Amino acid sequence: MRLVLLGPPGAGKGTQAYRLANRFGVPLIATGDIFRRNVEEGSRLGVEAKEYLRAGELVPDDVVVKMVVKAIENANGRFVLDGFPRTLPQAEALEAELDRRGQPLVAALAFLLDDEITVKRLAGRRTCAVCQRPYNVELHPPRQEGVCDRCGGRLIQREDDREETVRHRLEVYHHLTQPLLKFYAERGLLREVDAEGTEDGVYERAVAALADLGS
Ligand code: AP5
């Protein structure tokens, strides 16, 4: 399985990516999570990425592409990719790398959701500081307040989830990332999923959209 997930911030990519990677038994590569971990650790990559994340801007393509190529190597070419590609140059670089490896993508799964719903979801999001699992104080609270069900980590509010920053991230999405739906449609790889409704409902639709693919 080699799958990329597309969709606006707050569409539920991270939530579904974890479940889909488990279902297909492949590593999850989530670029936002990798950046946040590096920011937390104060690594060189984290220092480089920090201000972009805070402002809701994209990290420069060359930095992200290098990081993802390394992650794909470590994953032995089987993965669910969440958060990449986000620009045309990133999509072209991914295609070139996978062609070079003789391991093309099997699908690009796009989660479709209205902007106002994503703003609402992100306002209530809390994220595990350790494993990055997303929760929502209203829609999907953890069993114990402030504590991750999966790993016991502390739940925090992401700095880029302030409404003003979320609206900017949505603009960036519509301008730079949404054109990738056409890029993948032209290659016969695009599958679309309605991301409204319950997490389980979205998951079932995502699995159904991929049902004809092998692992
Ligand atoms: P990243 O971490 O990838 O953020 P994003 O794409 O903006 O996506 P989000 O994590 O905000 O939303 P999501 O779709 O994963 O939703 P979630 O499942 O959490 O990127 C962050 C930053 O890193 C970027 O701004 C950029 O700076 C940098 N970056 C990353 N990749 C890059 C790249 N390739 N190039 C350049 N820069 C890059 O769900 C959201 C909320 O809704 C949660 O509270 C969840 O519990 C809830 N929820 C989920 N599903 C449902 C449902 N069905 N019903 C109700 N609530 C739900």
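The values are calculated or read from the model by the stated rules, or taken from the named source; none is laboratory data. Every value quoted in this text rests on a predicted model; they were computed, and no experiment measured them. Backbone-built Cβ (ideal geometry, glycine too); neighbour counts: all protein chains shown. To get the accessible areas, we keep the full protein, side chains included, count just its heavy atoms, and leave off ligands, DNA and RNA. Shrake-Rupley method; radii C 1.70, N 1.55, O 1.52, S 1.80 Å.
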* Asked: Is there a residue being aliphatic (A, V, I, L, M) and surrounded by 16 or more Cβ atoms within 10 Å (Cβ to Cβ) anywhere in region 135-152?
  -> no
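Matching residues to (1) closer than 21 Å to ALA108 by Cα; (2) at pLDDT 95 or above:
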| site | (1), (2) |
| --- | --- |
| LEU139 | no, no |
| ASP149 | no, yes |
| ILE156 | no, no |
| VAL172 | yes, yes |
| THR177 | yes, yes |
| TYR184 | yes, yes |
| ARG187 | yes, yes |
| LEU190 | yes, yes |
* Asked: All but one of (1) open to solvent by 60 Å² or more (accessible area, probe 1.4 Å); (2) among the hydroxyl-bearing types (Ser, Thr, Tyr); (3) more than 9 Å from the ligand (Cβ to nearest atom) hold for THR198; which doesn't?
  -> (3)
* Structure fact -> By residue number, the members of region 153-195 that are within 14 Å of the ligand (Cβ to nearest atom), farther than 16 Å from ARG86 by Cβ and open to solvent by 20 Å² or more (accessible area, probe 1.4 Å) are LEU155, ILE156, GLN157, ARG158, GLU159, ARG162, GLU163, GLU164, ARG167, ASP194
* Considering residues of region 26-43 that are open to solvent by 50 Å² or more (accessible area, probe 1.4 Å) and modelled with pLDDT of 95 or more only, the residue farthest from VAL193 (Cα to Cα) -> PRO27
* State whether one or more residues within region 197-206 are over 24 Å from PRO141 (Cβ atoms) and of a type in the set (Ser, Thr, Tyr). => no
* **Selection count where residues are within 15 Å of LEU81 (Cβ to Cβ) and more than 9 Å from the ligand (Cβ to nearest atom), scope region 24-37** => 5
* Asked: Which residues, taken from region 201-215, are of a type in the set (A, V, I, L, M, F, W, C) and either closer than 14 Å to GLY12 by Cβ or open to solvent by 20 Å² or more (accessible area, probe 1.4 Å) (or both)?
  -> VAL202, ALA206, VAL207, ALA208, ALA209, ALA211, LEU213
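Quick grid of which residues meet (1) at pLDDT below 95; (2) buried (at least 20 other Cβ atoms within 10 Å of the Cβ):
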site	(1), (2)
LEU6	no, yes
ARG54	yes, no
GLU57	no, no
PRO60	no, no
GLY83	no, yes
LEU94	no, yes
LEU98	no, no
